[in-house]
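Contents: one structure, followed by commentary.
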Amino acid sequence: MSHSVVAVVGASGALGSLIATEVAARGGSVILVGRDRSRLEAVEIAERSIVVGDLGDASTGEDLARVAEEAHGRLDGVINAAGVVAFGSLMDTDDAVIEELFLTNVLGPLWLLRRTVPLLSESSGFVAQLSAVVAEQPLPGMAAYSATKAALTAANRALVRELRRSKVSVYDIRPPHTETGLANRPLAGSAPKLGQGLEPGRVAHAVVAAIEEGRLDVSAEDVAALSR
């Protein structure tokens, strides 16, 4: 991470802000991307750039590419820690909720990549997408959410080969349940009884460590091990 320019998408969230701080602590320059300017400005990093935008808006990727070029002259990495969740059976989940899940968790990340890969190609950079354990173990009552994370993981695995000639590394990182508070802010439904999740700071450390170690496919078990 040292001397790299890294965008952290979802940096206004609990895990994203900690990942951004971890990147900065390792010597990287950080571009914070998120929907809430006040929360982005509250991230305690001395020097950073800020892009305010919704991942479900394709122009956010354009804004990120522009800021990266204007402020830093390059972009070395993108870490996507944004996401939304919903609970409940498929029959009880409104169409609009399913649409929002796919927009934020799948379509938005792909739209953003289409607009940032040219810069990442120039720097032989990387993209790291945070999927989730439900991509490995889909759960009842979370069918739509599980489907979005499985779709993101599938895209990442295809992009590993697709972007190889562009010299862009693609990481698929699937954290287990983490105590970020996301489960308490679902788009719909109520969270089932979940066991104690991992501490967010440790997961942030594990994510950045996996990237530095070049571990392209990081399972929930791997994240837990790196978090110890």
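Derivation of every value follows stated rules applied to the coordinates shown; laboratory data play no part. These figures come from a predicted structure and were not determined experimentally. No Cβ is skipped: glycine too gets one built from the backbone with ideal geometry, and neighbour counts run over all protein chains shown.
Determine whether segment 96-113 contains at least one residue that is in a loop (DSSP other than H, G, I, E, B), touching a helix residue (DSSP H, G or I) at 6+ places or on another chain (Cβ under 7 Å), aliphatic (A, V, I, L, M) and closer than 23 Å to L40 by Cβ.
Within segment 96-113, not a single residue is in a loop (DSSP other than H, G, I, E, B), touching a helix residue (DSSP H, G or I) at 6+ places or on another chain (Cβ under 7 Å), aliphatic (A, V, I, L, M) and closer than 23 Å to L40 by Cβ.
Could you tell me whether any residue of segment 106-128 is surrounded by fewer than 22 Cβ atoms within 10 Å (Cβ to Cβ), under 25 Å from V5 (Cβ atoms), among the polar types (S, T, N, Q) and touching a Leu at 6+ places or on another chain (Cβ under 6 Å)?
no
Would you mind stating whether A128 is over 25 Å from V97 (Cα atoms), in a strand (DSSP E or B) and small (G, A, S)?
Criteria met by A128.
Quick check on my filter: what residues within segment 41-72 are touching a residue at least 40 places away in the same chain (Cβ under 8 Å) and small (G, A, S)?
Those that are touching a residue at least 40 places away in the same chain (Cβ under 8 Å) and small (G, A, S): G56, A58, G61, A65, A68, A71.
For segment 38-66, which positions are in a helix (DSSP H, G or I), touching a Ser or Thr at 6+ places or on another chain (Cβ under 8 Å) and surrounded by fewer than 18 Cβ atoms within 10 Å (Cβ to Cβ)?
R39, the sole residue that qualifies.
Just give me the residues in segment 142-184 being in a loop (DSSP other than H, G, I, E, B), out of contact with any Asp or Glu (no Cβ under 9 Å at 6 or more places or on another chain) and of a type outside the set (V, I, T), in sequence order.
Correct list: M142, L163, R164, R165, S166, K167, P175, H177, G181.
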